[in-house]
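Data first, discussion second: the structure below is written as structure tokens.
The values are calculated or read from the model by the stated rules, or taken from the named source; none is laboratory data. Remember, predicted model here, so these are calculated numbers, not experimental data. Ideal geometry is used to build each Cβ from the backbone, glycine not excepted, and the neighbour counts take in all protein chains shown. The protein model used for the area step is the full one, side chains on, heavy atoms only, and it has no ligands, DNA or RNA in it. Shrake-Rupley method; radii C 1.70, N 1.55, O 1.52, S 1.80 Å.
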Amino acid sequence: AFEQNEYVINTQRLQEGDQFTCGKLVFFVLGPNKQHSDENDNSLILYTRIGVHNFLFLGDATKQEEIRIANAYNVKVDIIKIGHHGSKTSTSEEMIQKFRPQYAFICTGRVSKFGFPHDEVISTLQNYQVNIYRTDLHFSFRYTYYQQKKYKITYLGVE
């Protein structure tokens, strides 16, 4: 979902089945597939390849939308950006079981007001041996890839 304002010059409304490029990257839009009553499920769900890994970006999608994506797409997912800051409403076990990502990125603040990421999310990821990177603990991280199928993930903040 997005809002138009006076500072936006070019916008494009995207939905499932669309694709767009950003530099040399091609992003495939896996959702939303319709207007959902839960605003979180109106988030863009994007899939792309960066370097040697396939990425799935879940926006604020709920478990229901994640399960729909898992059932609708047979894609390889190496790195997943966890939905809704690691809220209890995201990160369905069915999706993690199907995609079996190697890494999970959780973008959440260090203020514990909302309890993100939720213990259930962390437990689900740990049960499937997913390597977890969290902005509340690691501040920020960088994914760097090289032409020889090499990559590294580094922390940019204090641990």
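At 222 nm, what value in deg cm²/dmol follows for the chain if DSSP H runs of at least 4 each add -39500 (n - 2.57) and the sum is divided by all its residues, to the nearest 500?
Details: 4 runs with 30 residues, N = 159.
After summing the helix terms and dividing by residue count, I get -5000 deg cm²/dmol.
Working note: Debye formula, equal point scatterers on the alpha-carbon atoms of the chain, no solvent; log10 I(q)/I(0) at q = 0.14, 0.18 Å⁻¹ is -0.74, -1.22.
What does the accessible area per residue of the chain come to in Å², with a 1.4 Å probe and no ligands, DNA or RNA counted? Intermediate values should be presented prior to the final figure.
On the way: 9750 Å² over 159 residues.
Each residue of the chain exposes 61 Å² on average to a 1.4 Å probe.
If exposed means no more than 11 neighbouring beta carbons inside 10 Å and the site is in a DSSP loop, what's the longest run of the chain without any exposed trypsin sites (Lys or Arg not before Pro)? Answer - 35-109. Counting only DSSP beta bridges with both residues in region 42-102, the antiparallel share comes to about 60 percent. Relative contact order of the chain: 14 percent, from C-alpha pairs under 8 Å at least 6 residues apart in sequence. Distances between placed amide hydrogens fall under 5 Å for Arg134 paired with Ile106, all partners being 5 or more residues away or on another chain.
Between exposed chymotrypsin sites (Phe, Trp or Tyr not before Pro) in the chain, where DSSP calls loop and at most 10 other Cβ atoms lie within 10 Å, what's the longest gap? Counting at most 10 other Cβ atoms within 10 Å as exposed, the longest clean stretch of the chain is 8-145.
Can you say what percent of the DSSP beta bridges in the chain, counting only those with both residues inside, are antiparallel? Round to 5. Working shown, then result.
Working: 17 of 27 bridges.
Roughly 65 percent of the DSSP beta bridges within the chain come out antiparallel.
Ignoring lysines fewer than eight residues from Lys88 along the same chain, the ones with Cα atoms less than 28 angstrom from its Cα are Lys34, Lys63, Lys76, Lys98, Lys113. Per-residue accessible area (protein heavy atoms, 1.4 Å probe) orders Ile96, Ile153 as Ile153, Ile96, starting from the largest.
From the mean inverse distance of alpha carbon pairs (Kirkwood) and the Cα radius of gyration, derive Rg over Rh for region 36-90.
Details: Rg = 11.1 Å, Rh = 11.5 Å.
Taking Rh as the inverse mean 1/r over Cα pairs, Rg/Rh reads 0.97.
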